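Below is one structure; the comments refer to it alone.
The values are calculated or read from the model by the stated rules, or taken from the named source; none is laboratory data. Small disclaimer: the values here were computed from a predicted structure and weren't measured. We place every Cβ from the backbone using ideal geometry, glycine too, and count neighbours over all the protein chains shown.
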Amino acid sequence: MKKNKIFISGDEAVAHGTRLSRPHVIAAYPITPQTITVERLSEMVENGDMDCDYMHVESEHSALSAAMGASSVGARTFTATSSQGLLYMAEAMHYASGGRYPIVMMNANRSVALPWSIYGDQRDSLSLLDSGWIQVYVEDAQEALDMIIQAYKIAEHAKVLTPMMVNLDGFILTHTYEMVEIPEQEMVDKFLPKFETPNKMSFENPKNLAFSSQPDDNTEFKYQQNKAMLDSIEIIEKTDQDFGEQFGRYYQGMVEEIMCADADAVLVTLGSITGTVRVVAEQLRAKGLKVGVLKIRYMRPFPEKEIMALSKKIKAIGVIDKDISFGYEGTIYTNVNSALSKANASVFKKNFIGGLGGRDITKAEIEKMFMDLLEGIDSDKPATVEFFNLKVETND
C-alpha cells in the first residue's frame, strides 16, 4: 500500500484528522497558537474537500455552545481553542459533559495570564481536569492526527458519550513541521462509523435534554457520568488496538512505557517533552544507568492501574510538570502520587516544575533529574517539589 506523507505542522495535522473524520459542523474562533487549525479547515470547506457547515462565531464560549447545539440534534462536531479561550469555555464545558455530548475539541496548550504569554505550558487544560472531559496529550504531529480520528470513535461510543479534548503543546507541536502520514479516506471510513446517538432531539422519540435536577436525583446523574468516564478506559484500549491493526500505528493505550521493564528510576512525562526525555534516557542507558520513561497519554480517565503496577518494579520516580497548583505541587504529580499511595509504593519521589510560559527544558536539565532520582534511591530524603533552573534569587 502506498503511503501518503506530507510535510505539515501539528495544527495542520489536526485539520487533516478532522477532515478525515467527516464532522457535520465546525464551530471556530481563532486564538494563537490554534488559529492555523481552523484556518485550514475553513479552506477545506471552501474548496469542497469537506462537506460540512463551518460556523465562524464571535467567541470561544459561543464556539462550544454552537457545538453543543449541533450535537444535540445528532451532528458530529469539532471545535478548537487554547489558553484563555479554553478558560472562557469552562462554563460550557461542564454543560457539554453533563449533557453527554461527544464533541471533539483540539486544545493548543498555552500558558494562562498573568503575565500574558502566547507560549506553551499545560496550565490551561490541567486546570480543567474536573470538567468531565476525556483528556489525551500527544507527543508529535502524527499522533495528533491519529488521535483526532480515535477521539471520535471513543467519545461517540454508546458506553462513553463523553466529550474529548486532544491536547498539543503550543508552538512546540502546533507550529513545528514534520512528515505526517495522511490515511486514505476509505480506511478512515472503515474505522470510524457514522455518528449515531440516542442522546438527541427527535420528533419520533422525544427527549428532555439539558434539564435541571433536584438534590434527590443529581448524584445519580453524576454517578453515570463518572461511570462513563471509567468505562472509556476499555474503549480507549480497544480503539487504539483496532487503530494499530488497521493503520500500523499503536500508541499503547493509556500510557507508553519506555525502557521501564528493568528501570531503577523513571521520569513521568506528558506531551511533547517525552521526545527529549526519550533521547536522554537512551544516552544514560548507553552509560549503563537503568532509567526509563513513562509517557502518560490520558490524564482523564487517569491511568491509575498502570502507575500502580509500575511502582512495584522501580525504586525512584520523578514527574515533570509544566504546571503548578499554587501553594501545593504540580497537578500531574498529585495524580501520580495518589496512585503510588494506593499501591503502598516504597519509592523515592520528586516533582520537577518547569517549562512554564514556554521556557525550554534542556537535555542537561533532564539528565540532572535522572541523576537526582538515582541518587535518591535508598536515601532518607523526603519527597520534594523543585522549580528547576530558576534565574532569580529565592528565599527558600
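Okay, here's what the table says:
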| item | result |
| --- | --- |
| Condition met for residue 147 (surrounded by 18 or more Cβ atoms within 10 Å (Cβ to Cβ), under 30 Å from residue 7 (Cα atoms), of a type in the set (A, V, I, L, M, F, W, C) and not assigned by TED's automatic domain parsing to the domain that holds residue 356) | yes |
| Out of 352, 370, sole residue that is modelled with pLDDT of 95 or more and not in a helix (DSSP H, G or I) | 352 |
| Filter result for residue 147 (of a type outside the set (Lys, Arg), part of a strand (DSSP E or B) and in contact (Cβ under 8 Å) with a residue 60 or more places away in the chain) | no |
| Matching option when the condition is assigned by TED's automatic domain parsing to the domain that holds residue 97, of a type outside the set (Lys, Arg), at pLDDT 95 or above and surrounded by 15 or more Cβ atoms within 10 Å (Cβ to Cβ), among 187, 179, 165 | 165 |
| Matching residues, region 58-84, being more than 21 Å from residue 195 (Cβ to Cβ) and surrounded by fewer than 24 Cβ atoms within 10 Å (Cβ to Cβ) | 58, 59, 61, 62, 84 |
| Neighbours by Cβ (under 7 Å, 6+ apart or cross-chain): first from region 221-240, without any contact (Cβ under 8 Å) to a residue 40 or more places away in the chain; second buried (at least 18 other Cβ atoms within 10 Å of the Cβ) and not hydrophobic (A, V, I, L, M, F, W, C) | 237/253 |
| Residues of region 310-364 satisfying the condition of being out of contact with any Gly (no Cβ under 7 Å at 6 or more places or on another chain), closer than 14 Å to residue 296 by Cα and not β-branched (Val, Ile, Thr) | 310, 318, 333, 335, 337, 339 |
| Matching option when the condition is in contact with a helix residue (DSSP H, G or I) (Cβ under 9 Å, 6 or more places away or on another chain), more than 21 Å from residue 6 (Cα to Cα) and touching a residue at least 60 places away in the same chain (Cβ under 8 Å), among 201, 165, 187 | 165 |
| Hits in region 282-321 - residues which are surrounded by 21 or more Cβ atoms within 10 Å (Cβ to Cβ), closer than 30 Å to residue 234 by Cβ and either out of contact with any strand residue (DSSP E or B) (no Cβ under 9 Å at 6 or more places or on another chain) or among the aliphatic types (A, V, I, L, M) (or both) | 293, 294, 296, 299, 307, 310, 314, 317, 319, 320 |
| Which numbered condition residue 351 fails, given (1) under 15 Å from residue 268 (Cα atoms); (2) surrounded by fewer than 20 Cβ atoms within 10 Å (Cβ to Cβ); (3) without any contact (Cβ under 8 Å) to a residue 60 or more places away in the chain | (2) |
| Yes/no for residue 132 being at pLDDT 95 or above, of a type in the set (Gly, Ala, Ser) and surrounded by fewer than 21 Cβ atoms within 10 Å (Cβ to Cβ) | no |
| Residue 236, sole failed condition from (1) in a helix (DSSP H, G or I); (2) among the hydrophobic types (A, V, I, L, M, F, W, C); (3) assigned by TED's automatic domain parsing to the domain that holds residue 360 | (3) |
| Tabulated pairs, region 19-39, first closer than 21 Å to residue 153 by Cβ, second in a strand (DSSP E or B) and among the aromatic types (Phe, Trp, Tyr), C-beta under 6 angstrom, 6+ apart or interchain | 23/78; 26/54; 26/78 |
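Residue by residue, here is whether (1) without any contact (Cβ under 8 Å) to a residue 60 or more places away in the chain; (2) in contact with a His (Cβ under 6 Å, 6 or more places away or on another chain); (3) among the hydrophobic types (A, V, I, L, M, F, W, C) holds:
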{"site": "294", "(1), (2), (3)": "yes, no, yes"}
{"site": "309", "(1), (2), (3)": "yes, no, yes"}
{"site": "328", "(1), (2), (3)": "yes, no, no"}
{"site": "346", "(1), (2), (3)": "yes, no, no"}
{"site": "355", "(1), (2), (3)": "no, no, no"}
{"site": "382", "(1), (2), (3)": "yes, no, no"}
{"site": "386", "(1), (2), (3)": "yes, no, no"}
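Here's the yes/no breakdown for (1) surrounded by fewer than 24 Cβ atoms within 10 Å (Cβ to Cβ); (2) modelled with pLDDT of 95 or more; (3) of a type in the set (D, E, K, R); (4) more than 16 Å from the chain's Cα centre (by Cα):
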position: 89; (1), (2), (3), (4): no, yes, no, yes
position: 92; (1), (2), (3), (4): yes, yes, no, yes
position: 98; (1), (2), (3), (4): yes, yes, no, yes
position: 104; (1), (2), (3), (4): no, yes, no, no
position: 107; (1), (2), (3), (4): no, yes, no, no
position: 115; (1), (2), (3), (4): yes, no, no, yes
position: 125; (1), (2), (3), (4): no, yes, no, no
